[in-house]
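A.B. asks: Before I ask anything, here is the structure I am working with.
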Amino acid sequence: VQLQASGGGSVQAGGSLRLSCAASGIAFSLNAMGWYRQAPGKQREYVAFITSGGNTRYADSVKGRFTISRDNAKNTVYLQMNSLKPEDTAVYYCNRVPTVPGYWGQGTQVTVSS
């Protein structure tokens, strides 16, 4: 299984980024998928998830600013991040829901400057 996150970068506060996570080796359309992040010195935390049927849930810290979506034809899950804040700075990862330890990829770095 490979979950390859991409799309990170450096932006100023208030900016936007769109992350992508391409999956291979799993029955993507049958799995709920999630985005997670880990800031320096902190534990990895849940950001958002989307069910196989397209229902979504968000952490309170990103609700109203981030949007998770999926394209089953492309085996890809997305995270549109708007109104970014410095506290959103972290490495962002995708995984299935519930997470599988062996599925964590390299992640993609998001840095938001004030």
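The values are calculated or read from the model by the stated rules, or taken from the named source; none is laboratory data. Here the structure is a predicted model, which means the values were calculated and not measured. Ideal geometry is used to build each Cβ from the backbone, glycine not excepted, and the neighbour counts take in all protein chains shown. These area figures cover heavy atoms from the full protein model, side chains too; ligands, DNA and RNA do not enter into them. Shrake-Rupley method; radii C 1.70, N 1.55, O 1.52, S 1.80 Å.
A.B. asks: With a cut-off of at most 16 other beta carbons within 10 Å, and DSSP calling the residue loop, which chymotrypsin sites (Phe, Trp or Tyr not before Pro) in segment 46-114 qualify? Please list them.
C.D. replies: Those satisfying the criteria are 104.
A.B. asks: While we're on this one: Tell me the relative contact order for segment 24-97 as a rounded percent, counting alpha carbon contacts under 8 Å between residues six or more apart.
C.D. replies: Once divided by the residue count of segment 24-97, the mean separation gives 37 percent.
A.B. asks: Treating only the Cβ atoms of Lys and Arg (+1) and Asp and Glu (-1) as charged, compute the dipole magnitude of segment 12-96 about its Cα centre; round to the nearest 20 debye.
C.D. replies: 40 debye
A.B. asks: Which trypsin sites (Lys or Arg not before Pro) in segment 1-104 pass both tests, a DSSP loop state and at most 11 other beta-carbon atoms within 10 Å?
C.D. replies: 42, 63
A.B. asks: Shifting gears a bit: Suppose all protein chains stay in the model; what accessible area per residue would a 1.4 Å probe give for segment 1-108, in Å²?
C.D. replies: Per-residue accessible area for segment 1-108 comes out at 51 Å².
A.B. asks: Another question, then. Tell me, what % of the accessible area of the chain is carbon and sulfur with a 1.4 angstrom probe?
C.D. replies: 46 percent
A.B. asks: While we're on this one: What is the diffusion coefficient of the chain in µm²/s, taking the Kirkwood radius over Cα pairs and the Stokes-Einstein relation at 37 °C with a viscosity of 0.692 mPa s?
C.D. replies: In µm²/s, the coefficient rounds to 237.
A.B. asks: Which shape class, rounded, prolate or oblate, goes with segment 70-114 when its Cα gyration tensor gives a ≥ b ≥ c as root eigenvalues, a/c under 1.5 marks rounded, and past that a/b bigger than b/c marks prolate?
C.D. replies: Note, shape of segment 70-114 comes out oblate.
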